[in-house]
Amino acid sequence: MSNLQKKNSPEEVNKSSAPPSFRGAAGEEMQQRAERLAEKVMNYSRDSILVNMRFLDVALSGLIPVQRMDIEGFASDGAKIYYNPLFLLKRYKEEPAFAVRMYLHVLFHLIFSHSFRFDRLDKEAFLLAADMAAEAAVLELAIPGTGLIRDEEKLRKLRAVKEEAGALTAEKIYRYIRNSGAGCKWQKELSELFFMDSHELWAEKEKLVISMEQWKKLSERVQADLKSFSRGKTRGGSKSESLEKSLMEAVRDRKPYRELLRKFTVMNEDMQVNDDEFDYIYYTYGLSRYGNMPLVEPLEYKDSRKIKEFVIAIDTSASCRGELVKSFVRSTYAVLTGEETFFRKMNVHIIQCDHEVRKDTKITSRDDLEYFLANEKLTGFGSTDFRPVFSYVDELLKAGEFEKLKGLLYFTDGYGVYPGAMPPYDVMFVFPDNGDEGPEVPPWAVRVMLDDEELE
């Protein structure tokens, strides 16, 4: 088990609050009394949450409180909420609402799936984003008995961040922090302000006691129960927007982009050179016997599932331009340039379109693709209409441009006019995650929302 007694920031914020340890028989008795009292405080906190937020009852059942003297505050490994009883009592004496607030903070980390995603991201930035998202959800609920001294300061900071980030989910805040530049002074200040619990027990998915899938089911239940939750007094008379959007993020089906691209693969022969079976004796014999004529065995071919023919459509409308489009292309480029993804010979059309087709670039090799990314300038920036691309591809099919077109990949913000008829190939609409459910797509198309880690 990881040692949680590290003094690095932001844990240093609570360093002065570190509880004393008892010595001797009298001290042992006092500690036992403290442990019993701390247990009562945690039970009271749990009951208070259940009374005010009944939609959290199932999620609370998945989090077992456990006392640990080797930590200075609170922590969770996904199955248990660990707390130091002496620390809890000290903070409870200072602010009686602290116990309930901490319980909620840790619980929201789990139902928002924060502890299951951080290992793939900039750790420092995501941990801050996760703390801010959890606190935003608690503050917007404004449940009686959960207020702390620095809440107004937190609310001011959150309002400012929301103006830039668009929403107070961990994903949106993380992108805002990354775009603002890591390691800046305000990031450190925010870390100290929003720090609540230790994240030292968070681990990679495969090491977790309770799986992401299990907590996802609990999150889905919370989301369903929240819809029928009785309207209580919330700040400004509204629901917690951050809670709803964070839950939406947690329950969203997250299939890796690479995995989804497999829908576009086809079985075909690809030339393979087996270095292990290459006969160097045969090769050198030819050089020595015939001078400049090496003897090489015939190249082997094997059946492979790779991408050979498909279309990439880039929405160049005014609402989908600049860095957004670059992120789309970069994320796909990272997948497409893998040795195991593309055939050596390919037929890919990159079509730029707003309300009409602006340009079609044919890609036949990896060099062509790299040149396009390095030199191509986007054209268009009008309104969005998806239909011209599909009409254009139909014309290419009639002209015999494709032998076996597998699919069309459409990069867009998702808002535009869709074709009414289902085409004879797979279609995937890909757009960035904006903290909501995203636009609807036709039933014959696949909708993909790219995570921040896939857009980097």
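The values are calculated or read from the model by the stated rules, or taken from the named source; none is laboratory data. Small disclaimer: the values here were computed from a predicted structure and weren't measured. Cβ placement follows ideal geometry from the backbone for every residue including glycine, while neighbour counts extend to all protein chains displayed.
General observations
- Residues that are in contact with a helix residue (DSSP H, G or I) (Cβ under 7 Å, 6 or more places away or on another chain), part of a helix (DSSP H, G or I) and either closer than 13 Å to Glu135 by Cβ or not assigned by TED's automatic domain parsing to the domain that holds Ser76 (or both), drawn from segment 158-191: Leu158, Val161, Ala170, Ile173, Leu190, Ser191
- Segment 387-403, subset surrounded by fewer than 15 Cβ atoms within 10 Å (Cβ to Cβ) and outside any loop (DSSP other than H, G, I, E, B), residue farthest from the chain's Cα centre (by Cα): Lys398
- Of all the criteria given as (1) part of a helix (DSSP H, G or I); (2) modelled with pLDDT of 70 or more; (3) in contact with a strand residue (DSSP E or B) (Cβ under 7 Å, 6 or more places away or on another chain), the one not satisfied by Val348 is (1).
- Any hit, segment 61-69, residues being in contact with a Lys or Arg (Cβ under 6 Å, 6 or more places away or on another chain), in the same structural domain as Arg156 (by TED's automatic domain parsing) and aliphatic (A, V, I, L, M): yes
- Of the criteria (1) modelled with pLDDT of 75 or more; (2) in contact with a helix residue (DSSP H, G or I) (Cβ under 7 Å, 6 or more places away or on another chain), which one Lys7 fails: (1)
- Options Trp215, Trp202, Trp186: the member that is modelled with pLDDT under 85 and surrounded by fewer than 17 Cβ atoms within 10 Å (Cβ to Cβ): Trp186
- Residue match in segment 163-174 (condition: modelled with pLDDT of 85 or more, surrounded by fewer than 17 Cβ atoms within 10 Å (Cβ to Cβ) and more than 23 Å from the chain's Cα centre (by Cα)): no
- Hey, Ala59 surrounded by 14 or more Cβ atoms within 10 Å (Cβ to Cβ), closer than 23 Å to Ala130 by Cα and at pLDDT below 90 or not: yes
- Candidates are the residues of segment 110-153 that are in contact with a helix residue (DSSP H, G or I) (Cβ under 6 Å, 6 or more places away or on another chain), of a type in the set (Val, Ile, Thr) and assigned to a loop (DSSP other than H, G, I, E, B); the one that is modelled with the lowest pLDDT is Ile143.
- Qualifying residue in segment 143-157 (condition: farther than 14 Å from Met42 by Cβ, in the same structural domain as Tyr44 (by TED's automatic domain parsing), of a type outside the set (Lys, Arg) and free of Cβ contacts under 8 Å to residues at least 12 places away in the same chain): yes
- Failed criterion for Asp367 (all others in (1) at pLDDT below 65; (2) under 23 Å from Leu405 (Cβ atoms); (3) exposed (fewer than 14 other Cβ atoms within 10 Å of the Cβ) hold): (1)
- Residue satisfying all of: in segment 39-56; more than 16 Å from Met102 (Cβ to Cβ) and touching a residue at least 12 places away in the same chain (Cβ under 8 Å); surrounded by the most Cβ atoms within 10 Å (Cβ to Cβ) among these: Phe55
- Of all residues in segment 370-386, those satisfying the criterion of being surrounded by fewer than 16 Cβ atoms within 10 Å (Cβ to Cβ) and charged (D, E, K, R) are Glu370, Glu376, Lys377.
- Among (1) over 25 Å from Arg91 (Cα atoms); (2) touching a residue at least 24 places away in the same chain (Cβ under 8 Å); (3) not aromatic (Phe, Trp, Tyr), the one test that Lys188 misses: (1)
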